[in-house]
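Novice: This is the structure I want to talk about, given as structure tokens.
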Amino acid sequence: MTDPRQHIMPTYRPPELVFERGEGMHLFTDDGAAYLDFISGIAVSSLGHSHPVLVSALKEQAEKLWHTSNMFRVPAAEKLAAKMCERSFADRVFFSNSGTEAIEAAIKAARKFHWLNGSPDRHEIITFTGAFHGRSLAAINAGGNPAYLEGFGSRLPGFIQVEWENADALDAAISERTAAILIEPVQGEGGVRALPEVQLTNLRKLCDESGILLIYDEIQCGMGRTGKLFAHEWAENSAPDIMCLAKGIGGGFPFGACLMTEAVGIAMQPGSHGSTYGGNPLAMAVGNVVWDKISDPAFLEQVYEVSQTLEQELEALAKSRPEEVKGVTGKGLLMGLKMTDGPKSLQARAREEGLLTGVAGNNVLRLAPPLIVSEDDIRNAVSILETAMG
Ligand SMILES: *Cc1c(COP(=O)(O)O)cnc(C)c1O
């Protein structure tokens, strides 16, 4: 029999398993087997699968209008942007189709800002080891992961990487060419690492002193995942100039957003940037209801509460398995188990027991359940992990 996957570019290596539908915290195969979802399509399906409110918002819009392009106004995009600005540091929003494109918009806006302000030489973007900002050429250069850069030609100029949590290295990297510092308040792919809160405050101060823009990549850690709407809100006086969102903002419908202050946004004028699909009516219909649900303080409080249980249960598991588990990392509902050996075999065994997880870095099992996860789901998941460890 021919392999049905043979014409798919083999950039991914999924298991044999095929899911037919999803509901809430679970995915189901066509023979009805249920899997508890603790990865949510990599921190995307934050309201769980087939949420009735999301389904009806999408269906309703699908029967009215799918697409006009940004040649015409999209009222639902105007509405969502207004809500985002009302609830954040931002004054302007650019809608994209993905996280990578939100990063592209951020880098372009930061450079254009300095150009407009008479410093065209300020074009360097400083990033950190373990970063992940997407897979476009600019994003892999910003991310700096050698495995993702190999074979794709020369490194792009204008990207400088310094060691995570190394303030001296950061100071040394800053020059009159620095345009912006780009950082994930909680690193996802790089190993589920949360930057200590005070360091975000310090970054803000450093940027203010040196006229550098601060860009947060909250594509994975934002939208309620840490129990606050944005991960940087855990730190005082840490508001960025630019922030990228994606993943959780669409609840599974692909879109991203690049938020910025008026001062930076002024650099982006008609013709500066664009996207055919970005902020299209289907994405915006879903985006508005996702926003309304997740930005609700009561919802965020619930996320925080339940995340405490996840952390406690993982700490207890780590303590009882010192040979396999080296530690617990992450924040809120973006958590990692640092393993002694590669996490892939544990991931596979957990899957056989009905639990879906992810991996990050070389040795971290990544957990990012839908934000609607219950304490019972958490206890089930941790007990499956325990069983899977043997
Ligand atoms: C997933 C991710 C991206 C890229 O988003 P895509 O939607 O895959 O383009 C960028 N930054 C972070 C932190 C991410 O987790």
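Novice: At least 2 residues that are of a type in the set (Gly, Ala, Ser) in each: list the strands (runs of 3 or more DSSP E) lying fully within the range 185-278 that qualify.
Specialist: 256-260
Novice: Still on this structure, please answer the following. Could you please find all residues in the range 35-50 being assigned to a loop (DSSP other than H, G, I, E, B), under 18 Å from the mean Cα position of the chain (by Cα) and farther than 16 Å from residue 255 by Cα?
Specialist: 38, 39, 48 - these are the residues of the range 35-50 that are assigned to a loop (DSSP other than H, G, I, E, B), under 18 Å from the mean Cα position of the chain (by Cα) and farther than 16 Å from residue 255 by Cα.
Novice: Among the residues of the range 76-121, which ones are part of a loop (DSSP other than H, G, I, E, B) and out of contact with any Leu (no Cβ under 9 Å at 6 or more places or on another chain)?
Specialist: Listed by number, the residues that qualify are 97, 98, 117, 118, 119, 120, 121.
Novice: Sticking with this structure for a sec: Determine which member of the set 73, 135 is part of a loop (DSSP other than H, G, I, E, B), within 13 Å of the ligand (Cβ to nearest atom) and out of contact with any Asp or Glu (no Cβ under 8 Å at 6 or more places or on another chain).
Specialist: 135
Novice: Run residue 348 past the list (1) within 27 Å of residue 47 (Cβ to Cβ); (2) not in a loop (DSSP other than H, G, I, E, B) and report the number of the one that doesn't hold.
Specialist: Of the numbered conditions (1) within 27 Å of residue 47 (Cβ to Cβ); (2) not in a loop (DSSP other than H, G, I, E, B), the odd one out for residue 348 is (1).
Novice: Something else about it: Hey, can you tell me all the residues within the range 145-173 that are aliphatic (A, V, I, L, M) and in contact with a strand residue (DSSP E or B) (Cβ under 7 Å, 6 or more places away or on another chain)?
Specialist: 160, 162, 169, 170, 173
Novice: Could you list, in sequence order, the residues of the range 85-110 that are open to solvent by 50 Å² or more (accessible area, probe 1.4 Å), over 14 Å from residue 272 (Cβ atoms), more than 13 Å from the ligand (Cβ to nearest atom) and touching a residue at least 24 places away in the same chain (Cβ under 8 Å)?
Specialist: If the condition is that a residue be open to solvent by 50 Å² or more (accessible area, probe 1.4 Å), over 14 Å from residue 272 (Cβ atoms), more than 13 Å from the ligand (Cβ to nearest atom) and touching a residue at least 24 places away in the same chain (Cβ under 8 Å), then 87, 91 are the ones that fit.
Novice: Can residue 176 be described as part of a loop (DSSP other than H, G, I, E, B) and within 16 Å of the ligand (Cβ to nearest atom)?
Specialist: Answer is no for this residue.
Novice: Does the range 299-316 include one or more residues that are outside any helix (DSSP H, G or I) and in contact with a Gly (Cβ under 6 Å, 6 or more places away or on another chain)?
Specialist: no
Novice: Suppose we filter the range 199-237 for residues that are farther than 21 Å from residue 265 by Cα, within 13 Å of the ligand (Cβ to nearest atom) and open to solvent by 10 Å² or more (accessible area, probe 1.4 Å); how many remain?
Specialist: Adding up the residues that qualify gives 1.
Novice: What is the one condition in (1) touching a Lys or Arg at 6+ places or on another chain (Cβ under 9 Å); (2) small (Gly, Ala, Ser); (3) away from the ligand (no atom under 14 Å from the Cβ) that residue 248 does not satisfy?
Specialist: (3)
Novice: Let me ask another. Give all pairs with beta carbons closer than 7 Å in which a residue from the range 210-238 that is more than 22 Å from residue 254 (Cα to Cα) meets a residue that is basic (Lys, Arg); count only pairs at least 6 apart in sequence or on separate chains.
Specialist: Going by the 7 Å Cβ cut-off, the qualifying pairs are 214/204; 234/228; 237/204; 238/204.
Novice: Let me ask something additional. If I filter the range 51-65 down to residues being touching a residue at least 40 places away in the same chain (Cβ under 8 Å) and outside any helix (DSSP H, G or I), which single residue comes out as surrounded by the fewest Cβ atoms within 10 Å (Cβ to Cβ)?
Specialist: Filtering first and then ranking leaves 64.
Novice: Sticking with this one: Residue 265 is checked against (1) crowded, with 18+ Cβ neighbours inside 10 Å; (2) within 16 Å of the ligand (Cβ to nearest atom) and fails just one. What number does that condition carry?
Specialist: (2)
Novice: Still on this structure: Within the range 113-125, does at least one residue satisfy the condition of being of a type in the set (S, T, N, Q), out of contact with any Gly (no Cβ under 6 Å at 6 or more places or on another chain), closer than 23 Å to residue 184 by Cβ and open to solvent by 40 Å² or more (accessible area, probe 1.4 Å)?
Specialist: Checked the range 113-125: no residue is of a type in the set (S, T, N, Q), out of contact with any Gly (no Cβ under 6 Å at 6 or more places or on another chain), closer than 23 Å to residue 184 by Cβ and open to solvent by 40 Å² or more (accessible area, probe 1.4 Å).
Novice: Among the candidates 191, 144, 151, 211, single out the residue that is of a type in the set (Gly, Ala, Ser) and either closer than 12 Å to residue 126 by Cβ or in contact with a helix residue (DSSP H, G or I) (Cβ under 8 Å, 6 or more places away or on another chain) (or both).
Specialist: 144 is the lone residue from the list that is of a type in the set (Gly, Ala, Ser) and either closer than 12 Å to residue 126 by Cβ or in contact with a helix residue (DSSP H, G or I) (Cβ under 8 Å, 6 or more places away or on another chain) (or both).
The values are calculated or read from the model by the stated rules, or taken from the named source; none is laboratory data. Note that the structure is a prediction, hence the values are computed from the model and not measured. Glycine also receives a Cβ, built like all others from the backbone with ideal geometry; neighbour counts cover every protein chain displayed. Side chains are part of the model used for accessible areas, which takes the heavy atoms of the whole protein and leaves out ligands, DNA and RNA. Shrake-Rupley method; radii C 1.70, N 1.55, O 1.52, S 1.80 Å.
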